[in-house]
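Below is one structure, written out as structure tokens, with a few remarks after it.
No value in this document is a laboratory result; all are computed from the given coordinates. Being a predicted model, the structure only gives us computed values, none of them experimental. All Cβ positions, even for glycine, are placed from backbone atoms using ideal geometry, and neighbour counts span all protein chains on display.
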Amino acid sequence: MFLPTWLIFTFLALCCFGIVGLLQKLSTDLVSAESALVWLIVGFLLLEPFVYPGQSLSHYSMRSIAFVLLAGVLNSLGSWAILAAMKNGGKASVVVPLTAVYPMVVCLIAPFVLQERLSPMQGVGIACALAAIVLLAC
Amino acid sequence: MSSIGSTVKTRWFWYSMLTIVGWAGWALFLKIGSLEIPSEPSLFMQSAGMVPLAFILAFAANVRGSRNKKGITYSLLNGIITGIGILCLLAAYRAGGNTSVVAVTTALYPLVTFALAVLLLHEKLTKLQTLGLILATASIVIFSL
């Protein structure tokens, strides 16, 4: 059976992101959420040479660089919070799908910040996400 | 419904809500930044943005006092596997994968975590929570279209 390269990479990415949820729970059973985050970032930084763009970053505008750096800060804040959720008794099988609905907030904010229109399909997605939050909290 | 009342009093629920807010901000700022900066330099720079919090926390008492080797190994693997996942995602796009198909497929990752948590951690979900998992997955798929 021939599998296209992109499909193999897609399934590898899917498995990696799925395994991460399990590791978050396993790590916070043994160390504090803060410690887990520090070592998570160390692990993440080990892969920096593979994404080093090999060119000067100075030709990008300061505004765009600031937004991307700020994105990194918020990513680490979110990562700390999910680790803290698991440390404080949250089940991996509940916390991971619960937090995965974060695009709902982006869809709600995007019309104001990015002047994007909310499509009817995204409206359905928001309704599903809100219902999911309530049901997962049961 | 009384269980919702008790859940909203738990810390893990509010930490989960904070995760949603943090990652929504991350996605939004990344989107604004990526209007100019391509994905790989952007990934490199956002990793740099994660360093300040790690640096501050490295000096916190509960980090210095939390040195279980197995826990640290899991955490390191957590970061490495996240990075590998992102590299695979970028490779899938570069190898000609349809953007929607790649995005929707990878968005199904909570199902993988759920399966692993049930198999390895013996976690159990109620019927309502299972319905919540299905709806969460449906919403993630819709958002990634």
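Name the residues whose placed amide hydrogens come within less than 5 Å of the amide hydrogen of B:Glu123, ignoring near sequence neighbours (fewer than 5 apart) on the same chain.
For B:Glu123, whose amide H was placed from the backbone, the distant partners under 5 Å are B:Val118.
Please state the relative contact order of chain B as a whole percent: Cα pairs under 8 Å, 6+ residues apart?
Value for chain B: 17 percent.
Given the peptides A:108-119, B:70-81, arrange them by the average over their residues of other C-beta atoms within 10 Å, most packed first.
B:70-81, A:108-119
Relative contact order (percent) for chain A, with alpha-carbon contacts under 8 angstrom and 6 or more residues of separation?
28
For segment A:41-138, report the % of Cα-Cα distances exceeding 23 Å.
Counting every Cα pair in segment A:41-138, those more than 23 Å apart make up 48 percent.
Please give the average number of partner chain Cβ atoms lying within 10 Å of the Cβ of each residue in A:109-118, rounded to a whole number.
Average neighbour count from other chains, rounded to a whole number: 2.
What is the mean number of Cβ atoms from other protein chains located within 10 Å of the Cβ atom of each residue in peptide B:85-98, rounded to a whole number?
6
Pull up the cross-link candidates among the lysines for B:Lys9, meaning alpha carbon to alpha carbon under 23 Å and not fewer than 8 places away within one chain.
Correct list for B:Lys9: A:Lys25, A:Lys87, A:Lys91, B:Lys124, B:Lys127.
Can you work out ³J(HN,Hα) from phi for every residue in segment A:33-43, in order, using Karplus 6.51 cos²θ - 1.76 cosθ + 1.60 and θ = phi - 60°, giving whole Hz and x for Gly and Pro?
Values per residue, Gly and Pro as x: 4, 5, 5, 4, 5, 4, 6, 4, 5, 4, x Hz.
Other chains' Cβ within 10 Å of A:123-133 residues: what's the mean?
Mean partner-chain Cβ count within 10 Å for A:123-133: 6.
Compute the relative contact order of segment B:98-145 as a whole-number percentage, counting only Cα pairs closer than 8 Å that sit 6 or more residues apart in sequence.
That works out to 68 percent.
Which helices of chain B meet both criteria: a Cα extent of 15 Å or more along the helical axis and a mean Kyte-Doolittle score no lower than -1.0, with helices taken as whole DSSP H segments?
Counting only whole DSSP H runs, the qualifying helices are B:11-33, B:39-58, B:69-94, B:109-120, B:127-144.
Translational diffusion coefficient, Stokes-Einstein: compute it for the protein assembly as shown using the Kirkwood radius over C-alpha pairs as Rh, at 25 °C and 0.890 mPa s, and state it as an integer in µm² s⁻¹.
Stokes-Einstein gives a translational diffusion coefficient of 129 µm²/s.
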